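Read through the structure below, which is laid out as structure tokens, and then see the notes.
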Amino acid sequence: MKVSHLVVFAGALVLASAAPAQEQVVRVGSVRSTASLATLIAVEKGYFKDAGIKVELTDLDTSTDSLAVVAQNRLQIVGGGLSAAYFNAVEKSLPVTVAFDRVSSPLGHKLLVRTDLKEAIKSVADLKGRPLASNSRGSITNYEIGKILATVGLGFRDVDLKFIPFTQVAIAFANKAVDAAFVIPPFAAQIVEQRLGVVVADPDDFVQPHPMTIAVAFINTDWAAKNDALAKSYFTAYMRGVRDYCQAYHDGPNRAEVIDMAIRTGLERRPEILTKYPWSARNPDGRFNVASMLDIQAFFVKEGLSISNLPAEKLVTNAYIEHANRALGPFTLTNQASTLAGCR
């Protein structure tokens, strides 16, 4: 072989070895909300790219879609709420488990009563026999309502439970279709601002064990078993986004950047949602309260919505949380002056 050919061949080898490895694809889904900001941050800031991962994001219509798409491996990781359906999915040995915290106390959820009834309904006990709205029967909000009612010796059969989407509660109050409703942000604050309702109870004051974990990242366990290193790399990069989110949550120096990112990408088209109302709290280390999760499961079993009480090791994995925390070390809050609870 001629020298010139050897030089060209050697140069080709150097270029080939210097070429970046092809990014591995992870398909991820969630409903558009502030809770999705951490994933967006990790994408926009290049944390996934740094880990050699290309994240393909899919918007879900509702969090109830999450279990089906992740169990079928149409998406490998999905953000969604804990519900009776999750515990039933594990009971049926579907390939899904909880891998990471997504939303936890303080929640900003409120039990509201119509403003015109504030003198008649001054406490939870006064709800007996009255029409009360919830978003759906098997959702985490029903657990919260049940725990609040139990503090005064009431249960669901003691109220007239109606199922109304959060977006329709203001209309239901205006039309006097219900006397009370359990509502999440930003709808709760908006209803109070419109003077349609007042707060009669906050689940953070009633629900034990505390803090409560209500939304999580689900992972397909079949996919994870075949892609252990990839899954761990994903959640390490994701935790970088979570921690940036928590800094912004506490009005850190990156808050304006994160808000701009959300609006610029279309994650949130209403700036006031991010500038005026509280953000979802979460754990910057990704940890969830297992005791809370087991209590939620026990509630759904008692209500006949879930099949049986399963042990924690069947419901969650700590593998990705532990790996990410070893890789990134302790979380340190930048704005030490923040008085906000959660995300710390």
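Collect the residues in the stretch 259-311 that are among the hydroxyl-bearing types (Ser, Thr, Tyr) and surrounded by 15 or more Cβ atoms within 10 Å (Cβ to Cβ), keeping them in residue-number order.
Scanning the stretch 259-311 gives 277, 280, 292, 306.
Identify, from the list 341, 337, the residue that is within 19 Å of the chain's Cα centre (by Cα), in a loop (DSSP other than H, G, I, E, B) and either in the same structural domain as residue 149 (by TED's automatic domain parsing) or surrounded by fewer than 17 Cβ atoms within 10 Å (Cβ to Cβ) (or both).
Matching residue, one of 341, 337: 341.
Does the stretch 52-63 contain at least one residue that is closer than 23 Å to residue 211 by Cα and at pLDDT below 90? Break it down stepwise before answering.
Of the stretch 52-63, the ones closer than 23 Å to residue 211 by Cα are 63.
Right, trim to at pLDDT below 90 and you get 63.
Looking for residues that are closer than 23 Å to residue 211 by Cα and at pLDDT below 90, one finds at least one in the stretch 52-63, hence yes.
Restricting the search to the stretch 229-275, which residues are over 15 Å from residue 35 (Cα atoms), touching a residue at least 40 places away in the same chain (Cβ under 8 Å) and of a type outside the set (S, T, N, Q)?
Selection gives 230, 231, 232, 234, 235, 237, 251, 252, 253.
Could you check, for the stretch 61-78, whether at least one of its residues is in the same structural domain as residue 223 (by TED's automatic domain parsing), out of contact with any helix residue (DSSP H, G or I) (no Cβ under 7 Å at 6 or more places or on another chain), in a loop (DSSP other than H, G, I, E, B) and among the β-branched types (Val, Ile, Thr)?
The answer is yes, given that some residue of the stretch 61-78 is in the same structural domain as residue 223 (by TED's automatic domain parsing), out of contact with any helix residue (DSSP H, G or I) (no Cβ under 7 Å at 6 or more places or on another chain), in a loop (DSSP other than H, G, I, E, B) and among the β-branched types (Val, Ile, Thr).
Can you confirm whether residue 282 is without any contact (Cβ under 8 Å) to a residue 12 or more places away in the chain and farther than 22 Å from residue 156 by Cβ? So that I can check it myself, show each step before the final result.
Details: without any contact (Cβ under 8 Å) to a residue 12 or more places away in the chain: no; farther than 22 Å from residue 156 by Cβ: yes.
Against the criterion (without any contact (Cβ under 8 Å) to a residue 12 or more places away in the chain and farther than 22 Å from residue 156 by Cβ), residue 282 does not qualify.
Collect the residues in the stretch 72-84 that are more than 13 Å from the chain's Cα centre (by Cα) and buried (at least 21 other Cβ atoms within 10 Å of the Cβ), keeping them in residue-number order. Before you say what the answer is, go through the steps one by one.
First, pick out the residues of the stretch 72-84 that are more than 13 Å from the chain's Cα centre (by Cα): 72-76, 84.
Correct list: 75, 76, 84.
Give the residues of the stretch 10-49 that are modelled with pLDDT of 95 or more and loosely packed, with under 15 Cβ neighbours inside 10 Å, sorted by residue number.
Selection gives 25, 46.
Can you find a residue that is surrounded by 20 or more Cβ atoms within 10 Å (Cβ to Cβ), touching a strand residue (DSSP E or B) at 6+ places or on another chain (Cβ under 9 Å) and of a type outside the set (Phe, Trp, Tyr) anywhere in the stretch 226-236?
yes
Quick one: which helices (runs of 4 or more DSSP H) sit completely within the stretch 238-303 and have at least 2 residues that are closer than 21 Å to residue 340 by Cα and out of contact with any Gly (no Cβ under 6 Å at 6 or more places or on another chain)?
255-264, 271-275
The values are calculated or read from the model by the stated rules, or taken from the named source; none is laboratory data. Predicted model only: the values in this text are computed from it and were never measured. Glycine gets a Cβ as well: all are built from the backbone with ideal geometry, and neighbour counts include every protein chain shown.
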